[in-house]
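The structure appears right after this line, and notes come after that.
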Number of protein chains: 2
Amino acid sequence: MSTSKTVRKVEVLSPVPADIDIANSVEPFHISEIAKDLNLSPKYYDLYGKYKAKVLLSVLDELEGSGDGYYVVVGGITPTPLGEGKSTTTVGLCQALGAFLDKKVVTCLRQPSQGPTFGIKGGAAGGGYSQVIPMDEFNLHLTGDIHAITAANNLLAAAIDTRIFHESTQSDKALLNRLCPPNKEGKRNFNDIMFRRLKKLGISKTKPEELTPQEVKKFARLDIDPTSITWRRVMDVNDRFLRKIAIGQGPEEKGMVRETGFDISVASEIMAVLALTTSLADMRERLGKMVIGNSKAGDPVTADDLGVGGALTVLMKDAINPTLMQTLEGTPVLVHAGPFANIAHGNSSIVADKIAMKLAGPGGFVVTEAGFGSDIGTEKFMNIKCRYSSLTPQCAVIVATIRALKMHGGGPEVTAGKPLDRAYTTENVSLVEAGCVNLARHISNTKAYGVNVVVAINMFATDSEAELNAVRNAALAAGAYDAVVCTHHAHGGKGAVDLGIAVQKACENVTQPLKFLYPLDISIKEKIEAIARSYGASGVEYSEQRLDHLFMSNQAEKQIEMYSRQGFSGLPICMAKTQYSFSHNAAEKGAPTGFSLPIRDVRASIGAGFIYPLVGTMSTMPGLPTRPCFYDIDLDTATGKVIGLS
Amino acid sequence: MSTSKTVRKVEVLSPVPADIDIANSVEPFHISEIAKDLNLSPKYYDLYGKYKAKVLLSVLDELEGSGDGYYVVVGGITPTPLGEGKSTTTVGLCQALGAFLDKKVVTCLRQPSQGPTFGIKGGAAGGGYSQVIPMDEFNLHLTGDIHAITAANNLLAAAIDTRIFHESTQSDKALLNRLCPPNKEGKRNFNDIMFRRLKKLGISKTKPEELTPQEVKKFARLDIDPTSITWRRVMDVNDRFLRKIAIGQGPEEKGMVRETGFDISVASEIMAVLALTTSLADMRERLGKMVIGNSKAGDPVTADDLGVGGALTVLMKDAINPTLMQTLEGTPVLVHAGPFANIAHGNSSIVADKIAMKLAGPGGFVVTEAGFGSDIGTEKFMNIKCRYSSLTPQCAVIVATIRALKMHGGGPEVTAGKPLDRAYTTENVSLVEAGCVNLARHISNTKAYGVNVVVAINMFATDSEAELNAVRNAALAAGAYDAVVCTHHAHGGKGAVDLGIAVQKACENVTQPLKFLYPLDISIKEKIEAIARSYGASGVEYSEQRLDHLFMSNQAEKQIEMYSRQGFSGLPICMAKTQYSFSHNAAEKGAPTGFSLPIRDVRASIGAGFIYPLVGTMSTMPGLPTRPCFYDIDLDTATGKVIGLS
């Protein structure tokens, strides 16, 4: 066992009890104990109750000179709809490193969306004996970051519609006068945020009265084209009836009805900004330059043009601090940001990883999770997140299950909520072997970045020795540094000790530098095509069809031209593609090749810093089933404990 | 000065600097120091950063046997649109009692809505040298209670529309099977929340398979009448374009378009529940019995019928704990709940007041603020809040300004954002004297509850001695226990010492028991009429017209009949009336009489526990002006300090 003071020895039961029962069976350490074990001084964190603390960004200044730990990213193979235990493996690996191998280790996880907790999915704190606790606090509210995102996103949305409304009824002069009201001395002035817009417009005058009528128009009238607005409202609730709505139907809004919709909060660009920002000053700039649509002349309109970039930053000022929690076995966890893994890049935050790298220190480990497989998870981790963070991973873990490999080998369809076919619960080595083409491509794609790849075979009770060996052999043949069977769900960190040792060796034996899949200075199309090739596609098709499903849309080519003209072609690309196949077609399992990847539309998150082509239709607002999870969730009002959360 | 360890001597400048500059000029005490001074053990609070703590409800069990402090409610006269300094006076009075008169004192304030902070109004932490600090934390996010309300309110909204959707496509049997899926042993069971519905339906069977087909239909099919739905979505943003919207326009929602809208979050019934609940168990019951509309047969449909009452309680479990903060001079403040003062009862929470009463203890003071004047503020405090809390106030403070009294005496219209007419800034004793009819009615209405009334004349620099004397004389003539000029905005607690002494005497010399305005066991109409008479009305008119403005509505009489038939006639009444007049007409200043009060519609918050007649149209979603406050708000990214917040 580790020498760390906060390691908790957890007695393991078989069969494994329900997640909430395991979580409730231990008394968490006061979070100040976890901080102390990390040598994190109380001046660098704020307590949020007994088991959560926000780590202040200022700790980065304090630790600036100190060395980094090893950086490990956890991805997976192409998953079944049931998930292959990527979060659970991330937690299990860290419990092994911290509680059994005596390493300093920090786990960096995404904050889950609260909406799905009450829908079908349940919580996202890991599972079994590899969990983050308290799991109810992890899954609900946490320290309010997603609520802050919701508030900021919707303030910007309100600012857009209200501005269009006010511009429609006022002359240029009246607008200017309202925007620059006289102060106590009767003088009109621009304020700081207005100077940002003036600068963008190339106007160097400093007093409102100096503007020519044409400059007044340019400055005061944003002239937003309502059909170009890409900014939607958000809510952290699975509310399918808000996917497409008509707003402004009240009599006071004078017939300015507009069609729009709500996404789930984690799909907000502000979430992506939070995940990719590196400092308060950087966040201020990113939030201000978020583009909400175009003017009628085709110029991008930003949050700062609307005067609201500063207020958004104020709303997000505490959200930028990651939340410290603990695993079941007492190792530290930083929970921070949780952007959508398809329309955004699906990784936890840069600032959490940076803080973790310093807290882990030389010889220590930071284990961070990427969304889904190497196609959209690790790819975005490398080409977007690492590009912005300048952090370099040494090792990538790919989580595989016999179940998913059998599916890729041609097994029957796997559907959430339905019993698994017998093929998945009885030995079938050839099905597994056939499915390893999927694993092999994830390995070679990931290796191409210059990291060592360790395959974590997340073992289920029904997996046979021969099946597990088949995966191990296939992984090594495909170039994995190692491939290890692990049982952390059933046994906690102890079940991932071999994985921990393999990861440590992989980190210590990197021979190559980090290599991106594409340079930034090629065209948007060339970048899309580079990524498409990594999926196995032979080419890319830019679709003509309209996407009336999500919101009004222009065709892909037109959007690419527009973003290039607007000066955004140097951004990295974030493909919005299904996670259930390397291709755009979720039904194509294994390692498809030779297909043409259709790009239906292209959008951009300019503040976050990426262009996102839509490969098919992505739902950005889940729904509730007939019997949502919430039927089982209640509070034991005598003890204050949450019951029925899964 | 007080012997309390946390009293802060603040040096007062003249002219009074901006609120945020005053707030930023002092370093707040660590909130644990404030707690220590209250003898509040760390086990009874959770820190939220350095300057906020959530006080846990469990402290009430600990302090059950100990005595209460004096209970003082602060209301006002009928205000101008500029506000007459009710919050500022509440804070100033407490600073006087705590920092200058050496009393134990706890201030109980409402949490302000975040939306208006970015709109026209700015913050709500008091002002000048009578403020709650840190004012940015007070005004933004606080400890997440309003965000929790938003999440809970909208989860219920999503549950309603999704349930209607699923019921529309499934047979009774299929619904039952989905609601009661087989467990691992293949058995179908009801869960706890389903037994609540079965009990309500009078079905005592315990297994799904025992239900007759008719019972299956009754149980599984809520059969919600979409036109009867009163539950709206909420957002803590001033987003006028959401006042009236059409939802469900996406193709997957199969044409089930419905008209509805968003209110600002503080208008949610869940906020009113939070303010009126007395314990976790009580909150669970209130949230479960909230009525969202009727079945097509006319029966009320509740959150528990939808299976979501427990989940709502889980979302609200931390929100039930009040937030401890401090005044500028270091006295303790409990911030908790902030229900709308017109469609709801506009008072801070019962649990905060109850905790405060124990922490202040015998001889100590709890000062709590009521929304607006005695017509809708103190009236609701007495007849709704005190009825549910069983707490008894000894003293009511009525805040008056020369400015507002002049308006009531016939002065020109006062409009926010426009300069004040000369009448308000130069001496005019007769205008003041004429306006005192308004003050006199507030005094006599308030005295009728059996409390001693102290008038606090919130002095402005332009007020003359003769004007102030006129108010003092009129107040005493109308039966006030005392009337005191105070200058706490300019001087902090020192400026309210006389007020503090008057309040202390008033509390020590109560001679009457608390007397409600009406008993609960009379009819809804009789209760409405009793309240209308207290406004000066000669009668009540139940309007026939439809309110298509807010949401679809039935006429008042029909609603009263319906609520009576549904068994809700025993609830207290919460009038939704303008705060700008005793009557329904905001332009009628002074003390109008002889009018007939029109009731346009009647609604109910069954979970919170009141019926609310609509006297005219109440806007429940504010808008943003052309130049919202957010233009000035930014973060100094070097220091992390908020700038431009007013």
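The values are calculated or read from the model by the stated rules, or taken from the named source; none is laboratory data. The structure displayed is predicted, hence computed values, not measured ones. Positions of Cβ are backbone-derived with ideal geometry, glycine not excepted, and every protein chain shown enters the neighbour counts. Surface accessibility is based on the protein's heavy atoms, side chains included, excluding ligands, DNA and RNA. Shrake-Rupley method; radii C 1.70, N 1.55, O 1.52, S 1.80 Å.
Compute the accessible area of each residue in segment B:601-637 twice, once for its chain alone and once with every protein chain present, using a 1.4 Å probe on heavy atoms, and list those whose area falls by at least 40 Å².
Relative to the lone chain, where solvent access is computed with a 1.4 Å probe, segment B:601-637 loses at least 40 Å² at B:Leu624, B:Thr626, B:Arg627, B:Phe630, B:Tyr631, B:Asp634, B:Leu635, B:Thr637.
Using a 1.4 Å probe on the protein heavy atoms only, what accessible surface does B:Val132 show? Give it in Å² to the nearest 10.
Near enough 0 Å² of accessible area.
Peptide B:38-50: average number of partner chain Cβ atoms within 10 Å per residue?
3
Cα to Cα, under 12 Å, and not fewer than 8 places away if on the same chain: which aspartates and glutamates meet these conditions relative to A:Lys217?
Within the straight-line cut-off, A:Lys217 pairs with A:Glu167, A:Asp172.
Would you be so kind as to identify which of B:Ala220, A:Val237, A:Cys486 lies farthest towards the positive end of the dipole of the protein assembly as shown, taking Lys and Arg as +1 and Asp and Glu as -1 on Cβ and the Cα centre as origin?
Checked the options; the winner is B:Ala220.
With a 1.4 Å probe, what is the total accessible area buried between chains A and B, in Å² rounded to the nearest 100?
7400
As a test question: what accessible area, to the nearest 10 Å², does A:Val429 have when a 1.4 Å probe is rolled over all protein chains in place?
My reading of the accessible area for A:Val429 is about 40 Å².
Going 7 Å from Cα along the Cα-Cβ axis for the label, what nanometre distances separate A:Gly479 from the same residue across the other copies?
9.1
For a Förster distance of 22 Å, can you work out the FRET efficiency between the beta-carbons of B:Thr462 and A:Asn183, rounded to the nearest 0.05?
0.60
Mind grabbing the accessible area of A:Phe262 for me, 1.4 Å probe, Å², rounded to tens?
0
What does the average come to when, for each residue of peptide B:158-169, you count the partner chain Cβ atoms lying within 10 Å of its Cβ?
Per-residue shielding by partner chains comes out at 5.
Please list the equivalent ellipsoid semi-axes of segment A:82-177, computed as the square roots of five times the alpha-carbon gyration tensor eigenvalues, in descending order and whole angstrom.
46, 15, 10
Got the A:Ala297 label distances to the other copies yet, label 7 Å along Cα→Cβ, in nm, shortest first?
6.5
Below 14 angstrom from the Cβ of A:Met283, what's the summed charge of the other residues (Lys, Arg +1; Asp, Glu -1)?
Neighbourhood net charge equals -3.
Search the structure for amide H atoms under 5 Å from the amide H of B:Arg188, placed 1.01 Å from N in the peptide plane, and list their residues when 5 or more places away or on another chain.
The answer is B:Asn183.
Sum up the charges of everything whose Cβ sits under 14 Å from the Cβ of B:Val437, counting Lys and Arg as +1 and Asp and Glu as -1, but leave B:Val437 out.
0
With just the Cα atoms defining each centre, how far is segment A:419-447 from segment B:225-256? Give it in Å.
One Cα centre to the other: 45 Å.
Please report the carbon-and-sulfur percent of the accessible area for the protein assembly as shown; probe 1.4 Å, protein heavy atoms only, DNA, RNA and ligands left out.
51
Taking a virtual spin label 7 Å from the Cα of A:Ser58 along the C-beta vector, which residues in segment B:115-146 bring their backbone nitrogen under 16 Å of it?
Backbone N within reach: B:134.
If you restrict to DSSP beta bridges whose two residues both lie in segment A:524-614, what percentage is antiparallel, to the nearest 5?
Restricted to segment A:524-614, the bridges split so that about 45 percent are antiparallel.
From the protein chains alone at 1.4 Å, what is the descending order of accessible area for B:Glu215, B:Glu285, B:Glu167, largest first?
B:Glu285, B:Glu215, B:Glu167
Given label points at 7 Å from Cα along Cα→Cβ, what nm distances, shortest first, separate B:Glu11 from the same residue in every other copy?
6.4
If you average the C-alpha positions of segment A:154-186 and of segment B:37-79 separately, how far apart do those two centres end up, in angstrom?
So the two Cα centres are separated by 42 Å.
Using the Cα gyration tensor of segment B:146-314, with a ≥ b ≥ c the square roots of its eigenvalues, what is the shape: rounded (a/c below 1.5), prolate (a/b larger than b/c) or oblate (neither)?
oblate
Could you let me know the centre-to-centre spacing of segment A:92-111 and segment B:191-213, using Cα atoms, in angstrom?
Between the Cα centres of segment A:92-111 and segment B:191-213 lies a distance of 47 Å.
Calculate, for chain B, the solvent-accessible area per residue in square angstrom, rolling a 1.4 angstrom probe over the heavy atoms of the protein chains.
Accessible area per residue: 34 Å².
Ordering B:His491, A:His488 by accessible area with a probe of 1.4 Å, largest first, what comes out?
Descending order: B:His491, A:His488.
Between A:Ile522 and A:Thr593, take the C-beta separation as r, use R0 = 22 Å, and let me know the FRET efficiency to the nearest 0.05.
With R0 = 22 Å, the Cβ-Cβ based efficiency is 0.40.
Set the Förster distance to 56 Å, then compute FRET efficiency between B:Lys199 and A:Lys207 from the Cβ-Cβ distance, nearest 0.05.
Efficiency at R0 = 56 Å is approximately 0.20.
So what's the net charge close to A:Arg403: Lys and Arg +1, Asp and Glu -1, counting the other residues with Cβ under 14 Å from its Cβ?
Spelling it out: positives minus negatives among the neighbours equals -1.
With the Cα gyration tensor of chain B in hand, give its eigenvalues times 5 under a square root as the equivalent ellipsoid semi-axes, listed largest first in whole angstrom.
Ellipsoid semi-axes (Å, largest first): 42, 28, 24.
Other chains near A:276-285: what is the mean number of their Cβ atoms within 10 Å of each residue's Cβ?
Neighbouring Cβ atoms belonging to other protein chains average 2 per residue here.
Let a ≥ b ≥ c be the square roots of the eigenvalues of the Cα gyration tensor of segment A:34-76; is it rounded (a/c under 1.5), or, if not, prolate (a/b larger than b/c) or oblate?
Since a/c reaches 1.5 but b/c is at least a/b, the shape of segment A:34-76 is classed as oblate.
What is the Cα radius of gyration of segment A:524-614 over 2.2 N^0.38 Å, N being its residue count?
1.06
Project the alpha carbons of segment B:162-235 onto their principal axes and report the range along each, largest first, in whole Å.
42, 26, 25
Going by accessible area, probe 1.4 Å, with all protein chains left in place, what is the ranking of B:Arg258, B:Arg196, B:Arg233, largest first?
From most exposed to least exposed: B:Arg196, B:Arg258, B:Arg233.
Subtract the Cα-Cα distance of A:Glu252 and A:Ser295 from 0.36 nm times their separation in residues, and report this length gain in nm to one decimal.
Extra length available between A:Glu252 and A:Ser295 comes to 13.0 nm.
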